[in-house]
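This report refers to the structure that appears directly beneath it.
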Amino acid sequence: MSSPTSRPEYDLYASPTNAKMGEMSNGIGTNNGPNGQPTTSQTRGLVNNYEMYSPRSKPGGRPRHNRRIFVAALAVLVVVLAIVAHSRHGDDNKKQPDGIAVGNQGKGRPSSLAPITSSSTDDVNDDDDDVDNTSPSSQSESNVLSPYLRYSLTEKTNADTFQEPRVAWLMSFPNSGTSYTLRLAQWASNVTAATNYGDECDLDPKGRNVPLYPNMANGPALKYPYKYSLPTGYALTKTHCGGRCTHCSPDKYVETQLTFHEQCLQGNRMEPLKKDSNPSPQNIRNKGKSERVMEVRYPESLVARAVHVIRDPFNNVVARFHLDWGKYNHKADKDKDAKAFVEKYTYDPNGFLKWCKSIDDVYIKDEEKSRFISEEVLELFKQIPCHGDFFRYIQWHNLAVATTAKLDLPTYVLHYENYATEFEQTKDELMNFLELDIVGEVPEFIPGKSYRNYFSKEQRVASLKLMKKLANPETWRLLDRYDYIEQK
């Protein structure tokens with residue numbers, strides 16, 4: 001399949017979830033070229049008319065031989081400009097693969113721009129409760145965008161040339177396969193992953209995180225620095241970015257591309273608890289020895305690649321319930337409130353629907369008042385259990401696509417279901433993309449259940465209608481494999 005001639009443009013400040021979000025992007029200039037340079041005549045290598053001296057601009061002109069010299073010099077200048085323009089055109093053809101493209105399936109490590117694909121059928125999911133293809137059709141092949149890998153227009157190097165590790169984001173909406181993907185990469189490569197969230201990591205003897213970059217305490221933290229080797233090339237780094245809360249109102253979960261982007265770079269770190277410190281109880285960790293420091297941030301220049309994980313939306317939403325349930329069940333023997341929770345919200349479809357209703361009822365009034373949620377969307381909300389999570393799911397993937405494009409990141413799109421249907425191919429593609437050798441044990445993947453039966457047919461229809469309405473075209477290309485009503 002051939003590449004398209006250009007990649008889609010994204011508005012840095014606008015949220016793709018609703019037309020009303022356009023109010024937040026007024027005044028943003030658009031007179032820039034594809035590389036962010038002003039599209040003036042000077043940036044295209046042409047001479048500004050006001051800088052060119054004319055011999056007729058003064059009374060009486062110049063002597064004839066001076067005019068001949070000027071004409072000759074001008075002719076030379078035109079020839080030089082023509083040569084430069086031709087050279088630039090040739091270079092552009094060499095170094096700019098176009099937008100999004102399907103690539104080879106060959107073995108071995110790809111070059112920095114080598115395309116990787118991930119495509120399969122979509123029947124089952126594992127219920128990966130994280131602790132904290134169809135091909136596009138009806139178009140000619142020359143015009144179809146492959147959703148499975150986005151080229152970078154600028155990346156020219158690979159991990160072998162790095163003087164220090166580079167961040168490869170593991171971008172995932174919570175409970176979509178984060179834990180297993182991290183485990184697979186670490187076990188298979190014997191190289192530790194990193195994370196934006198230092199409270200998930202093994203700590204040093206003083207109760208601090210071991211940072212990916214020794215001189216950057218606010219950077220990503222290594223998850224298991226004493227168990228695995230340290231990264232030297234791409235460091236797979238977990239980030240959930242923004243707009244992912246479960247128990248929250250629109251003023252907390254509606255995001256713009258800018259706020260989402262900033263949260264992809266944010267997290268927390270652990271440091272020794274000081275005697276004069278007075279942290280909140282939830283930030284005291286490591287048996288009282290460490291304190292969690294929130295909202296630390298690192299520069300986006302460290303990020304070189306991204307793995308974008310996607311899971312069936314119905315399974316993903318139910319997995320969010322399972323995560324909440326598991327937190328309470330863990331302490332149900334010692335806590336009366338936790339015991340009451342697991343008894344009220346049983347681990348089955350009825351418990352799930354009750355849990356959804358308890359959340360929907362709390363926040364529907366705020367959603368009705370929100371200027372970012374239209375009347376049509378509100379009508380669909382009333383038909384969908386856990387409607388806020390479906391909104392957040394689509395918004396999250398819209399913004400993940402926009403952010404990786406804005407940062408010009410080579411991006412591997414990993415559908416979680418592919419672990420069950422095409423495990424070997426998916427494993428090899430992921431490891432090739434990260435330029436990691438498989439030297440260790442590969443963890444077994446145990447396919448789980450599909451939870452579409454937690455929703456009635458009418459609820460599934462309304463949910464798909466909502467997601468199609470909210471999704472950007474680029475996002476829906478990645479999600480259209482989930483566009484079916486009846487259980488497969």
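The values are calculated or read from the model by the stated rules, or taken from the named source; none is laboratory data. As the structure is a computational prediction, the values presented were derived from the model and not from experiment. Don't worry about glycine lacking a Cβ; one is built from the backbone with ideal geometry, like all the others, and counts go over all protein chains shown. Keep in mind that these areas ignore ligands, DNA and RNA; they rest on the heavy atoms of the full protein, side chains included. Shrake-Rupley method; radii C 1.70, N 1.55, O 1.52, S 1.80 Å.
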Kindly evaluate Thr239 against the criterion of being within 18 Å of the chain's Cα centre (by Cα), among the β-branched types (Val, Ile, Thr) and more than 24 Å from Thr192 (Cβ to Cβ).
no
With respect to Gly288, is the statement that it is at pLDDT below 95 and in a helix (DSSP H, G or I) true?
no
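Val342: in contact with a Leu (Cβ under 7 Å, 6 or more places away or on another chain) and outside any loop (DSSP other than H, G, I, E, B), yes or no? Quick ask: steps written out before the conclusion?
Values: in contact with a Leu (Cβ under 7 Å, 6 or more places away or on another chain): no; outside any loop (DSSP other than H, G, I, E, B): yes.
No: the conditions fail for Val342.
Do you know which residues across region 221-235 are assigned to a loop (DSSP other than H, G, I, E, B) and among the hydroxyl-bearing types (Ser, Thr, Tyr)? Step through it out loud before you land on a result.
Going through region 221-235, the residues assigned to a loop (DSSP other than H, G, I, E, B) turn out to be 223-228, 230-233.
Within region 221-235, Tyr224, Tyr226, Tyr228, Thr232 meet the criteria.
So, Ile485, is that one at pLDDT below 95, aliphatic (A, V, I, L, M) and either assigned to a helix (DSSP H, G or I) or open to solvent by 30 Å² or more (accessible area, probe 1.4 Å) (or both) or not?
Numbers: at pLDDT below 95: yes; aliphatic (A, V, I, L, M): yes; either assigned to a helix (DSSP H, G or I) or open to solvent by 30 Å² or more (accessible area, probe 1.4 Å) (or both): yes.
Taking the combined requirement at face value, the residue satisfies it.
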Need pairs with beta-carbon distance below 6 Å; first residue over 17 Å from Val317 (Cβ atoms) and within region 357-369, second of a type in the set (Ser, Thr, Tyr) and open to solvent by less than 40 Å² (accessible area, probe 1.4 Å); sequence gap 6+ or separate chains.
Asp366/Ser249
Glu435 - would you say it is open to solvent by less than 20 Å² (accessible area, probe 1.4 Å), over 30 Å from Pro250 (Cβ atoms) and not in a helix (DSSP H, G or I)?
yes
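Hey, which of the helices (runs of 4 or more DSSP H) in region 360-430, taking only ones fully inside, have at least 3 residues that are within 20 Å of Tyr451 (Cα to Cα)? Break it down stepwise before answering.
Values: elements: 375-381, 387-406, 418-421.
Per the criteria, 387-406, 418-421.
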Being among the polar types (S, T, N, Q), modelled with pLDDT of 95 or more and more than 27 Å from Pro447 (Cβ to Cβ) narrows it down to one of Asn196, Asn215, so name that one.
Asn196
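Does any residue of region 275-286 turn out to be of a type in the set (A, V, I, L, M, F, W, C), buried (at least 23 other Cβ atoms within 10 Å of the Cβ) and over 24 Å from the mean Cα position of the chain (by Cα)?
Here is the first cut: in region 275-286, the residues of a type in the set (A, V, I, L, M, F, W, C) are 284.
Still in the list and also buried (at least 23 other Cβ atoms within 10 Å of the Cβ): none.
No, every residue in region 275-286 fails to be of a type in the set (A, V, I, L, M, F, W, C), buried (at least 23 other Cβ atoms within 10 Å of the Cβ) and over 24 Å from the mean Cα position of the chain (by Cα).
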Members of region 180-193 that are closer than 26 Å to Pro447 by Cβ and not hydrophobic (A, V, I, L, M, F, W, C):
Tyr180, Thr181, Arg183, Gln186, Ser189, Asn190
Can you pull out the residues in region 231-241 that are modelled with pLDDT of 95 or more and either of a type in the set (A, V, I, L, M, F, W, C) or out of contact with any strand residue (DSSP E or B) (no Cβ under 6 Å at 6 or more places or on another chain) (or both)?
Ala235, Leu236, His240, Cys241
Filtering region 287-318 down to residues that are open to solvent by 30 Å² or more (accessible area, probe 1.4 Å) and out of contact with any Pro (no Cβ under 9 Å at 6 or more places or on another chain) yields Lys287, Gly288, Met294, Glu295, Arg297, Pro299, Glu300, Ser301
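In region 367-403, what residues are charged (D, E, K, R), surrounded by 15 or more Cβ atoms within 10 Å (Cβ to Cβ) and more than 20 Å from Glu458 (Cβ to Cβ)? Give the derivation first.
Taking region 367-403 as the starting set, the residues that turn out to be charged (D, E, K, R) are 367-369, 371, 375-376, 379, 382, 389, 392.
Narrowing further to those that are surrounded by 15 or more Cβ atoms within 10 Å (Cβ to Cβ): 367, 389, 392.
Across region 367-403, the qualifying residues are Glu367, Arg392.
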Every residue in region 466-481 that is of a type outside the set (Asp, Glu), outside any loop (DSSP other than H, G, I, E, B) and closer than 19 Å to Leu399 by Cα, please.
Leu466, Met467, Lys468, Lys469, Leu470, Pro473, Thr475, Trp476, Arg477, Leu478, Leu479
Could you check region 291-314 and list, in sequence order, the residues that are touching a His at 6+ places or on another chain (Cβ under 9 Å), within 28 Å of Leu258 (Cβ to Cβ) and part of a loop (DSSP other than H, G, I, E, B)?
Arg311
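State the number of residues belonging to region 438-465 that are outside any loop (DSSP other than H, G, I, E, B) and not polar (S, T, N, Q).
Of the residues in region 438-465, the ones outside any loop (DSSP other than H, G, I, E, B) are 452-454, 457-465.
Those still in the list that are not polar (S, T, N, Q) too: 452, 454, 457-458, 460-462, 464-465.
Total satisfying the criteria: 9.
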Just one of (1) closer than 30 Å to Lys449 by Cβ; (2) of a type in the set (Gly, Ala, Ser); (3) over 21 Å from the mean Cα position of the chain (by Cα) trips up Ser290, so point out which.
(1)
